[in-house]
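Accompanying notes for the structure given below.
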Amino acid sequence: MSIDLDAFWMPFTANRQFKKEPRLLARADGMYYWDDGGRQVLDAASGLWCVNAGHNRAPIVKAIQTQAAELDFAPTFQMGHPKAFELAAALVKIAPPGMEKVFFTNSGSESVETALKMAIAYHRARGEGTRTRLIGRERGYHGVNFGGISVGGIVGNRKTFGTLLAGVDHIRHTHDPARNAFSVGQPAFGAELADDLERLVALHDASTIAAVIVEPVAGSTGVLLPPVGYLQRLREICDRHGILLIFDEVITGFGRTGTPFGALTFGVTPDLMTLAKGITNGCVPMGAVLCQRKIHDAFMNGPEHLIEFAHGYTYSAHPLACAAALATLQLYQDEGLLTRAGELQAYFGECVHALKSEANVIDIRNIGLVAGIELQPRPGDPGKRAYDVFTDCYRQGVMVRVTGDIIALSPPLIVQRAQIDHIVDTLRTALRRAA
Ligand SMILES: Cc1ncc(COP(=O)(O)O)c(C=O)c1O
């Protein structure tokens with residue numbers, strides 16, 4: 001039976017090219033997908049940075065099935081259900097110290113909107129209502145809603161959508177290949193780029209700034225690691241000026257960088273952090289914002305029968321998502337997955353950095369089980385070389401991700417060494433063919 005591909009307008013996809021040469025994934029298990037023709041494809045991208053424990057994991061599947069038959073839906077506006085509270089407590093247990101309150105959403109984008117609103121409302125609740133300005137970073141990705149693209153720094157995601165949110169500014173990105181190309185782990189140079197926040201404080205005044213949001217490792221823009229000392233410096237500047245620090249951990253959360261969260265890997269605790277993706281191993285849409293108790297407590301005033309924070313989603317803490325997330329967290333713990341990337345980091349890094357000698361590779365960056373391999377763009381045809389590598393790898397049976405001329409690898413945290421070898425060998429072949 002042939003499928004009619006016409007109606008589905010695909011997200012973040014080159015629709016016309018895709019429909020000429022479709023890549024249809026029909027089944028998944030462990031490290032692999034199988035396409036609609038039964039061909040096996042090694043997943044080197046954890047689906048979309050989310051399937052951290054690998055595909056089709058029995059405890060998660062069972063938890064979702066059981067939950068669907070027991071409690072399909074329960075509102076969490078003025079009502080509740082036990083697993084929502086159980087999950088919030090379980091998240092706090094593994095979160096960086098001080099992150100004690102959890103607000104549930106359905107995606108990374110919604111987590112970002114929630115965190116930005118929470119930051120502005122927090123200052124207002126404390127009598128600092130002038131703090132409404134939001135600061136992002138160039139090249140940042142914070143999802144696709146209006147707040148997220150406003151603080152985001154990827155031009156292609158912003159330029160076609162009008163004037164965006166008012167009162168937003170950006171600090172400089174940290175990508176500096178002239179000084180840091182082919183760094184293994186965190187780059188040595190660039191901590192001083194955090195001082196760009198001081199420039200914006202001087203320009204706008206701290207009394208107008210609510211929060212700054214950054215990804216501990218910028219993922220979607222092509223895996224940019226924070227220079228040594230950079231996040232510490234950002235934290236210090238925020239503290240000095242009463243600005244909230246938001247870490248967008250939608251990708252770095254749940255073990256990607258070698259510890260449960262980027263905040264722990266880099267030793268910097270934010271005021272709020274956004275999560276999604278790996279929270280349910282990608283099985284059911286879910287996101288969350290974790291925040292320090294002081295943020296939450298600032299809202300807890302006024303008459304007790306009134307709603308303190310006018311925000312939430314119909315599906316916040318959906319029972320199926322909570323069941324999936326609880327089973328996921330248990331699986332992560334049982335199999336030591338939240339620290340496994342740290343154990344494999346040296347081997348993974350060594351394999352990936354061996355691609356340095358291939359033609360057109362101009363930078364390689366890695367931490368935990370994530371790597372970015374940046375290619376020299378084809379003259380006058382930006383993005384085409386990496387796109388060719390992506391389609392070539394897929395034809396060879398390995399799914400990688402590309403963004404611009406950067407290839408991103410983020411395999412499930414259950415990946416074996418032989419599978420890392422296979423991913424890198426496949427990539428090498430594709431790079432040579434794309435020379
Ligand atoms: C750092 C970051 N924030 C937010 C998002 C948006 O998440 P979602 O696609 O679930 O809305 C992403 C997605 O890749 C992300 O990487």
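Every read-out reported here was derived from the displayed coordinates using simple, explicitly stated rules and does not represent laboratory data. None of these values were measured; they are calculated from a predicted model. Don't worry about glycine lacking a Cβ; one is built from the backbone with ideal geometry, like all the others, and counts go over all protein chains shown.
Is the chain rounded, prolate or oblate when judged by the Cα gyration tensor, a ≥ b ≥ c being the square roots of its eigenvalues, rounded requiring a/c under 1.5 and prolate requiring a/b larger than b/c?
Oblate.
Build a GNM of the chain with springs between Cα atoms under 10 Å: which of Cys351, Cys283, Cys322 gets the top mean-square fluctuation?
Looking only at Cys351, Cys283, Cys322, the biggest GNM fluctuation is shown by Cys351.
Can you give the extra length, in nm with one decimal, that the chain gains between Arg240 and Ile3 once fully stretched, where that is 0.36 nm per residue apart less the Cα-Cα distance?
79.5 nm
Just to confirm the filter: which chymotrypsin sites (Phe, Trp or Tyr not before Pro) across region 10-116 are DSSP coil and have at most 12 other Cβ within 10 angstrom of their Cβ?
Listed in order of number, the matching sites are Phe12, Phe73, Phe77.
Does region 226-359 classify as rounded, prolate or oblate by the C-alpha gyration tensor (a ≥ b ≥ c root eigenvalues; a/c under 1.5 gives rounded; else a/b over b/c gives prolate, otherwise oblate)?
Verdict is oblate for region 226-359.
Within the chain, what percent of beta bridges assigned by DSSP are antiparallel, to the nearest 5?
Taking every DSSP beta bridge within the chain, about 65 percent pair in antiparallel fashion.
When the dipole is taken about the Cα centre of region 125-243, and only Lys, Arg (+1) and Asp, Glu (-1) are charged at their Cβ, what size is it in debye, to the nearest 20?
In debye, rounded to 20, region 125-243 gives about 240.
What number, rounded to the nearest 500 deg cm²/dmol, is the helix-based mean residue ellipticity at 222 nm of the chain, given -39500 (n - 2.57) per DSSP H run of at least four residues and division by all its residues?
Rounded to the nearest 500, the figure is -11000 deg cm²/dmol.
Find which of Val284, Asn56, Leu42 sits farthest along the positive direction of the dipole of the chain, computed with +1 on the beta-carbon of Lys and Arg, -1 on that of Asp and Glu, about the Cα centre.
Leu42
By a straight-distance test (C-alpha under 24 Å), which lysines pair with Lys294 as possible cross-link partners, with residues fewer than eight away in the same chain excluded?
Here the lysines satisfying the reach criterion relative to Lys294 are Lys93, Lys101, Lys117.
What is the extension gain from Ala346 to His81, computed as 0.36 nm multiplied by their sequence separation minus the C-alpha to C-alpha distance, in nm to one decimal?
Roughly 91.1 nm would be gained on extension.
About its Cα centre, how strong a charge dipole does region 359-429 have in debye, to the nearest 20, once Lys and Arg get +1 and Asp and Glu get -1 at the Cβ?
Using only the charged Cβ atoms, the result is roughly 80 debye.
Given the options Gly404, Gly136, Gly108, state which has the largest fluctuation in a GNM of the chain using a 10 Å cut-off (strictly under) for Cα springs.
Comparing Gly404, Gly136, Gly108 in the GNM, the peak value goes to Gly404.
Given labels modelled 7 Å from the Cα in the Cβ direction, how far is it in nm from Glu304 to Lys62?
With each label placed 7 Å out from Cα toward Cβ, I get 4.2 nm.
Under a plain spin-label model, where a point goes 7 Å from the Cα along Cα-to-Cβ, how far apart in nm are Lys294 and Phe12?
Reported label-point gap for Lys294 and Phe12 is 3.4 nm.
Using the Karplus curve 6.51 cos²θ - 1.76 cosθ + 1.60 with θ = phi - 60°, what ³J(HN,Hα) values do you get for each residue of region 37-42, in whole Hz, with x for Gly and Pro?
x, x, 7, 7, 10, 6
Taking the chain as a Gaussian network, where each spring joins two C-alpha atoms under 10 Å apart, which residue of His204, His296, His353 fluctuates the most?
Answer for the Gaussian network model of the chain: His204.
In nm, give the distance between the simple-model label positions of Thr130 and Val155, each being 7 Å from the Cα along the Cα-to-Cβ direction.
With each label point 7 Å from Cα toward Cβ, the separation is 3.5 nm.
Placing +1 at every Lys and Arg Cβ and -1 at every Asp and Glu Cβ, with all other atoms neutral, what dipole size does the chain have around its Cα centre, in debye to the nearest 20?
Using Cβ point charges on Lys, Arg, Asp and Glu, the chain gives about 560 debye.
Among rounded, prolate and oblate, which fits region 19-144 when a ≥ b ≥ c are the square roots of the eigenvalues of its C-alpha gyration tensor, a/c under 1.5 means rounded, and a/b larger than b/c means prolate?
Cα axes put region 19-144 in the oblate bin.
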